[in-house]
Each structure stands twice: as structure tokens, then as C-alpha cells.
Amino acid sequence: MKKILITGALGQIGSELMVALQKRHGFDNVVATDIRKPPQVDGIFEVLDCTCSHRLHETVIKHDIGTIYHLAALLSAVAEARPQDAWRVNMDGTLHVLEAARIHGCSVFTPSSIGAFGPTTPADNTPQDTIQRPTSMYGVTKVAGELLCDYYARRYGVDTRGLRYPGIISNVTPPGGGTTDYAVDIYYSAVQQGKYTCFLRKDTFLDMMYMPDAIEAAINLMEADASKLKHRNAFNVSAMSFAPEHIATEIKKHLPGFTMDYQIDPVRQGIADSWPNHMDDSAAREEWGWSPKYDLVSMTADMISVLKNRFGK
Ligand code: NAD
Ligand code: SER
């Protein structure tokens, strides 16, 4: 088989997607890449800056790549602190990946985000096709990335596919600087210290998803029958929607002494306020059978059990 290349493979999602794809297709068929060099990686690894077009082409040719999962990006909080870098990494990176795919005949998975929506988007049951006028640099790059992927599919016939991921919660690799990171940090702090200071207001609703569902969504979409996909890129996908006060209540069921206070970060609160409360993901359910396994209750039970074991609590 032609091999699979992952960009940004050392990040929160990439580090778990890499293992899932290795299990499915074999160690020798997955090429993990990142701008950083890992201390140790099981399988094939190459240092690759996705903004470097010739290295990208070289790597695709060298490993006979047929599919690219393009995960390298700067996330919302980092992008807001370094907007020009975010444009360069998120946009140049995506353009170079699409060009490599066009020239070498690869299919491409690119994650978009709830960040692709903005304050004028309907916040409840956010439709699949709706107003997208994001106000963060992250969001600007995510909408532009969605459109670029659509363009390459329509103009050049490149098999591009993508999801609008919500906040992803996981326990392997820490998140890389997003607005939804609180929903990961809270579990680590709850288990290790019994308390957490939240940077978002207690009533800030956002869509979320547990990592096993996020990984399965990406793989299932890439393996879906292309003739059934009307939207192709940027499917809304959600598994749950909650606010900080709800996740705290759920954690207390496992750790009754847990306490939470608030120290609002105006930048991340502003970003969160511009994002949907809850997306309608019926297009993903209808077109390729999206169906998440975890909700807030089952995810919290699993997160706490895994972290308690890890930290000997
Ligand atoms: P992350 O920040 O954890 O990881 C990103 C990885 O990209 C890092 O390992 C980093 O070293 C690498 N990277 C940065 N610049 C690079 C460059 N120039 N070339 C190559 N690699 C580079 O991010 P993540 O959470 O794993 O997100 C992956 C993708 O999913 C991103 O496109 C992100 O926007 C999207 N997404 C993530 C979430 C989430 O909650 N994690 C939600 C929605 C969308
Ligand atoms: N988790 C991501 C972020 O907050 C959403 O795309 O940036």
C-alpha cells in the first residue's frame, strides 16, 4: 500500500492518531513528521516543517505517500499571541500540503475547528452551512483552509476531506495552546491537586469530544465512500456540549473534595464567546455515519480513572 504521512504528529491529536494508524496499517506504512524532534518515537519519523515546500515534496516522494493527515498548526490562543506566524504556518502549510497532494496524487485530511465560526454565526444548533465571519486569527486561517481544500477538490480533483473538530479532551499529550484547553487541564489539576482555577467563565458553553472519538472520526471520514460525501471538507462534529460549571460538577462525583475558582483570561474568553454553544452535526451523521461513543459522564469516568492510575492516587 501507499504510505500515510502525518504532519504535526507530536501534537495532542497526532501523537494518538499515529498509534491508531500504525495499529490499523502497520508500523512501516505510517510516516510521522513534526517540526520538533522527539526524544523517541516508535515507527518511521522525519523532521518536517510544513512551511518548507521542497522538504514536503521530498518526503512524499521518498516514502511513496498516498494519504496526508495534515495536523500541523498553531492553535487559537497561540495564534492570537502570534497572528503573523499563525497565518504562515496554518496557511502556507496547508497550501504546500495541497500542492504536494495535487502533484503526487495524495488524498488529504485537514482538521478545521469550531473556531471557523464567529459572533454572527447562530450559536445554538449551528448549521453545517451558515455564516462564517470569525474574529480570531485562528478562525480566519481555519475558514480559509476549508475554502482552499474545497478549491483543490473542485479545481484539481484532489480528494480532500475534513472535520470541524470541537475542543478535544485527552490524557496522552497535553494540548498545544487552545481556548478549550481548560477542559483537559481541569482533570489533571483535579486528580493531582484537588482544585482548579478556570480561565473561562463558568457558563461558557462549547462543543467538546473525547480523543478516541476524534481519532475514529478522522479515520472513518477518510475511509468513507466518496460518492456519499456532499460536504467533503469541514463537517461539523460534536460529542457533547458543556460549560466549566458542568464539568466541575461531574468531576465532583468522583472526587468530592474538588473545588474550582475562576480567573478569567479576557483573550480566551473573547475567543470562546465568539464560538458556537453547540453545533448541529447531522450532515456528518447522515453522509458517513458519525456517531460518538463518549459523553461527559463516560469521558469523565475514563479520564479520572486513567489519571488516578498514572499519578498513583
Ligand atoms: P498541537 O498544538 O497539539 O500540535 C500541533 C503540532 O504541530 C505540534 O507538535 C507542533 O510541533 C507542530 N508544528 C507546529 N508548527 C509546525 C510546522 N511549521 N511544521 C510542522 N509541524 C509543526 O495541535 P493539535 O491539538 O494536535 O491539533 C492538530 C490539528 O487539529 C490542528 O489543525 C488544529 O487546529 C486542529 N484542531 C484541534 C483541536 C483540539 O482541541 N486539539 C480542535 C479543533 C481543531
Ligand atoms: N481546541 C481548539 C482551540 O481551542 C479548537 O480548535 O484552539
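Quick notes on this structure:
- Compared with the alpha-carbon gap, the fully stretched path from L255 to D64 is longer by 63.8 nm at 0.36 nm per residue.
- For the range 27-138, the per residue solvent-accessible surface stands at 45 Å², with DNA, RNA and ligands left out and a 1.4 Å probe.
- Per-atom-type breakdown for the chain gives carbon and sulfur 51% of the accessible area (1.4 Å probe, protein chains only).
- Proximity of backbone amide H atoms, modeled 1.01 Å from N, is registered between T259 and K195, Y196 at under 5 Å, excluding neighbours fewer than 5 places apart on the same chain.
- Cβ charges +1 (Lys, Arg) and -1 (Asp, Glu), total dipole of the chain, debye: 380 debye
- Hits among lysines - C-alpha to C-alpha of K252 under 24 Å, sequence gap 8 or more where chains match: K195, K202, K293, K308, K313
- Against the empirical curve 2.2 N^0.38 Å, the C-alpha radius of gyration of the range 156-196 lands at a ratio of 1.70.
- The calculated Kirkwood hydrodynamic radius for the range 182-236 is 14.3 Å, given to one decimal from all distinct C-alpha pairs.
- Between S113 and Y165, the built amide H atoms are under 5 Å apart, and every one of these is 5 or more places off in sequence or on another chain.
- Rounded to the nearest Hz, the phi-derived 3J(HN,Hα) couplings of the range 113-121 under the Karplus curve 6.51 cos²θ - 1.76 cosθ + 1.60 (θ = phi - 60°) are 7, 4, x, 6, 9, x, x, 8, 6, where x marks glycine and proline.
- Taken over the alpha carbons of the range 210-291 as equal point scatterers, the Debye sum produces base-10 log I(q)/I(0) values at 0.14, 0.16, 0.18 Å⁻¹ of -0.68, -0.81, -0.90.
- Computed P(r) (all Cα pairs; the chain; 20 Å bins; percent): 34, 59, 7
- Share of pairwise Cα separations in the range 112-256, more than 29 Å, in percent: 23 percent
- Other-chain or far-sequence residues with amide H under 5 Å of F242's (modelled H): L206, M208
- Mean-position separation - Cα centroids, the range 248-289 and the range 1-47, in angstrom: 29 Å
- Selected from V140, V47, L75, residue furthest toward positive end of dipole (the chain; charges at beta carbon): V47
- Cα→Cβ-extended label distance, 7 Å offset, between N220 and F311, nm: 3.2 nm
- Among A86, G66, L56 - extreme Cα towards positive end, dipole of the range 1-86, charges at beta-carbon: G66
- CD proxy at 222 nm, helix term only [per DSSP H run n ≥ 4: -39500 (n - 2.57); per residue of the chain; nearest 500]: -12500 deg cm²/dmol
- Cleavage-rule hits (trypsin sites (Lys or Arg not before Pro)) in the range 164-257: DSSP loop, at most 15 neighbouring Cβ within 10 angstrom: R201, K202, K230
The values are calculated or read from the model by the stated rules, or taken from the named source; none is laboratory data. Predicted model only: the values in this text are computed from it and were never measured. All Cβ positions, even for glycine, are placed from backbone atoms using ideal geometry, and neighbour counts span all protein chains on display. To get the accessible areas, we keep the full protein, side chains included, count just its heavy atoms, and leave off ligands, DNA and RNA. Shrake-Rupley method; radii C 1.70, N 1.55, O 1.52, S 1.80 Å.
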